[in-house]
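Some notes on the structure that comes next.
The values are calculated or read from the model by the stated rules, or taken from the named source; none is laboratory data. Predicted model only: the values in this text are computed from it and were never measured. Quick reminder, even Gly has a Cβ in these numbers, built from the backbone with ideal geometry, and neighbours come from all protein chains shown. All accessible areas refer to the heavy atoms of the entire protein, side chains included, with ligands and DNA or RNA removed. Shrake-Rupley method; radii C 1.70, N 1.55, O 1.52, S 1.80 Å.
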Amino acid sequence: MMYDQKTLRNLLSSMGVIATPFGVLMNILDVLDSNEIIEFAHRCKIDKKKWLLACTDRRVLLLNEKLFNAKVKSIEFSKISSVETEGLRKIFKGGIKIQYSGGSFECEMSGVYAAKMRDCILGHLRTNDSTINVVVDTTQNTQNTQIGNDPYGEIKKLKELLDLGLVTMEEFDSKKKQLLDL
């Protein structure tokens, strides 16, 4: 599929990537093949710098948010050996680590989006019959009655994410029940 700026901006916005900088759009348009499809993308941080992590129908792309001197890392699915996620039960903090022949990288992003990215990548790895090591964070959340933990503040933050369209009503209700111990 050939994207133009407006179509690409709308696609990324529908995936939760809000206010995509012009430089990122141009960098993506430059590296995508003419019929390559972006299946999922989201912003992340690596060493406190902003990047865009994208899963296409062919590969994983990592692009920094610079207009000039942009860095682009392209990783074919066949080169990926490990996908690890953490903080999946957390709305605001989580991450994904991808190891591949030639290196690895770890991105900070919302646990919700880390899980979606992992699922997108794993879908292709299973299709390609790759041997893959998947590590999912299985740590349980502590009780919300701990000192310093404010479930009502978390619900307020969740509501803001819901209003922005970053989480679904089902995700909001589920997390709200969990926070209120219902």
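Within the range 56-66, is even one residue touching a Gly at 6+ places or on another chain (Cβ under 7 Å) and modelled with pLDDT under 90? Scanning the range 56-66, I find at least one residue that is touching a Gly at 6+ places or on another chain (Cβ under 7 Å) and modelled with pLDDT under 90, so the answer is yes.
From (1) farther than 14 Å from Phe40 by Cα; (2) modelled with pLDDT of 90 or more, pick out the condition that doesn't hold for Gly102. Just one mismatch for Gly102, condition (2). Considering only residues that are farther than 16 Å from Gly153 by Cα and hydrophobic (A, V, I, L, M, F, W, C), look in the range 163-182 and name the one that is modelled with the highest pLDDT. In this case the residue turns out to be Met169. Scanning the range 24-34 turns up at least one residue that is assigned to a loop (DSSP other than H, G, I, E, B), open to solvent by 60 Å² or more (accessible area, probe 1.4 Å) and at pLDDT 80 or above.
The set of residues in the range 12-23 being assigned to a helix (DSSP H, G or I) and either modelled with pLDDT under 75 or surrounded by fewer than 17 Cβ atoms within 10 Å (Cβ to Cβ) (or both) consists of Ser13, Ser14, Phe22, Gly23.
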